[in-house]
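For reference, the structure discussed in these notes is given below.
The values are calculated or read from the model by the stated rules, or taken from the named source; none is laboratory data. As the structure is a computational prediction, the values presented were derived from the model and not from experiment. Positions of Cβ are backbone-derived with ideal geometry, glycine not excepted, and every protein chain shown enters the neighbour counts.
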Amino acid sequence: MRLTSWAERTAERLLPPLGDRWSHVRQVAEQARQVARVVPEGDSDLLVAAAYLHDIGYSPALVVTGFHPLDGARWIRDQGQDPRLARLVGHHSCARYEAQVRGLLDVLLAEFAPEDSATYDALVFCDMTTGPTGKIVALEQRIEDIYQRYGPDHEVSRALDSSRPCLTACHDRTAARLTELTHLADIRGLMPHKVVLDA
Ligand SMILES: [Fe+2]
């Protein structure tokens, strides 16, 4: 839990002035604590830490390029933290598609290698099932809300057109892992832990 403690303290220091963003991040971290059961045991701490820090690049103190996954990942890297934490943040929620729209894909890939793992999928799941004020929402509602908030011409909305299959795949793989785990708990006669799936 060492990494999570540092990430939580860091998020508490940098995100509360952003209001709803901080509410969103706290719920993403709560989702991550629940969903951590479907990632390798050694990755639980990393997943929750990444949940706390995935939007840290929105902090005005950290903005350099204005592309928050990259700004956040660079800052985490420069703190000397786990390189995987920086990579997960740099690529969270299929960020490579927005990087492409912004002309930053080469930069992102040169500095942070993408990770294909259950842990990455779970981070995407947690972010994409948590609305902008911290309410649990379905993936489709989350995507629709992003279109509405940013408008059709914004880089975020334009990236969504191409990132949607990636987001859906990460979400669905995580949901399937959660369902499988719940099923296994059922057939063993165990009480499954609370699972926060889509509303
Ligand atoms: Fe987020």
Within region 145-153, is even one residue out of contact with any Pro (no Cβ under 8 Å at 6 or more places or on another chain), within 15 Å of the ligand (Cβ to nearest atom) and without any contact (Cβ under 8 Å) to a residue 60 or more places away in the chain? yes
Can you find, within region 112-132, the residue that is nearest to ALA11 (Cα to Cα) among those that are more than 16 Å from the ligand (Cβ to nearest atom) and not polar (S, T, N, Q)? PHE112
Could you please give the count of residues in region 58-71 that are part of a helix (DSSP H, G or I) and either more than 14 Å from the ligand (Cβ to nearest atom) or farther than 11 Å from LEU15 by Cβ (or both)? 7
Here are the criteria: (1) closer than 21 Å to ALA122 by Cα; (2) more than 14 Å from the ligand (Cβ to nearest atom); (3) surrounded by fewer than 19 Cβ atoms within 10 Å (Cβ to Cβ); (4) among the acidic types (Asp, Glu). Tell me which single one GLU8 does not satisfy. (3)
Please work out which one of (1) in contact (Cβ under 8 Å) with a residue 24 or more places away in the chain; (2) under 21 Å from GLY66 (Cα atoms) is the condition THR119 fails and give its number. (2)
Output yes when any residue across region 152-164 is at pLDDT 95 or above and among the acidic types (Asp, Glu), and no when none is. no
Taking region 25-52 on its own, how many of its residues are of a type outside the set (S, T, N, Q), under 15 Å from ALA122 (Cβ atoms) and within 15 Å of the ligand (Cβ to nearest atom)? 11
Residues of region 72-111 being more than 16 Å from the ligand (Cβ to nearest atom), touching a Leu at 6+ places or on another chain (Cβ under 8 Å) and part of a loop (DSSP other than H, G, I, E, B), in sequence order, are GLN81, ASP82, LEU104
Of these, ASP55, ASP20, which one is out of contact with any helix residue (DSSP H, G or I) (no Cβ under 9 Å at 6 or more places or on another chain), within 13 Å of the ligand (Cβ to nearest atom) and among the charged types (D, E, K, R)? ASP20
